[in-house]
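Encoded as structure tokens, the structure appears first; notes follow it.
The values are calculated or read from the model by the stated rules, or taken from the named source; none is laboratory data. Keep in mind that what you see is a predicted model, and the values were worked out from it rather than measured. Every residue, glycine as well, gets a Cβ built from its backbone with ideal geometry; the counts of neighbours run over all protein chains shown. When the accessible area is computed, the model is the full protein with side chains, heavy atoms only, and any ligands, DNA or RNA have been set aside. Shrake-Rupley method; radii C 1.70, N 1.55, O 1.52, S 1.80 Å.
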Amino acid sequence: QKAVDALPERFSPDVVLVDGPKVPQTLTQPAQPLVKGDAKCFSIAAASIVAKVTRDRLMAELDATYPGYGFRKHAGYGTREHVAALHRLGPSPEHRRSFNPLRSWLASAAAA
């Protein structure tokens, strides 16, 4: 819904193609789920590529801003290296507190 809401007003989708088995309940527009949509639909495949390139660029910027976390390498995924960097350096301002390893670690640290 956030992505649809962020579209310029002149863009009003007739249908939202969802890459996956379910349409989110919060989506208010007509929608069609497509399992493995990136392999079946050029629009979803293109959006997937744009999202990955954008994420990789953002991770490269974060890697330069916050050296030592390895953002460029792990791309935000919860790898062992990522979790180890969090324990070594603590969370950066960019880390989502909802990220489960971080949330669990922060909760155990607060309880100690």
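Could you list, ordered by first residue, the pairs with Cβ atoms under 8 Å in which the first is in segment 76-105 and closer than 23 Å to Val53 by Cα and the second is open to solvent by less than 50 Å² (accessible area, probe 1.4 Å) and among the hydrophobic types (A, V, I, L, M, F, W, C), at least 6 apart or interchain?
Cβ pairs passing all conditions: Gly76/Met59; Gly78/Phe99; Ser92/Leu62; Glu94/Leu62; His95/Leu86; His95/Leu102; Arg96/Leu102.
What helices (runs of 4 or more DSSP H) completely inside segment 1-105 contain at least 3 residues that are exposed (fewer than 14 other Cβ atoms within 10 Å of the Cβ)? Can you show your working first?
Working: elements: 2-5, 37-40, 42-65, 71-74, 80-89.
Helices (runs of 4 or more DSSP H) meeting the threshold: 2-5, 42-65, 80-89.
Just the residues that are in contact with a helix residue (DSSP H, G or I) (Cβ under 7 Å, 6 or more places away or on another chain) and at pLDDT below 90, please, taken from segment 76-86. Quick ask: steps written out before the conclusion?
Initial filter on segment 76-86 (in contact with a helix residue (DSSP H, G or I) (Cβ under 7 Å, 6 or more places away or on another chain)): 76, 78, 81-83, 86.
The answer is Gly76, Gly78, His82, Val83, Leu86.
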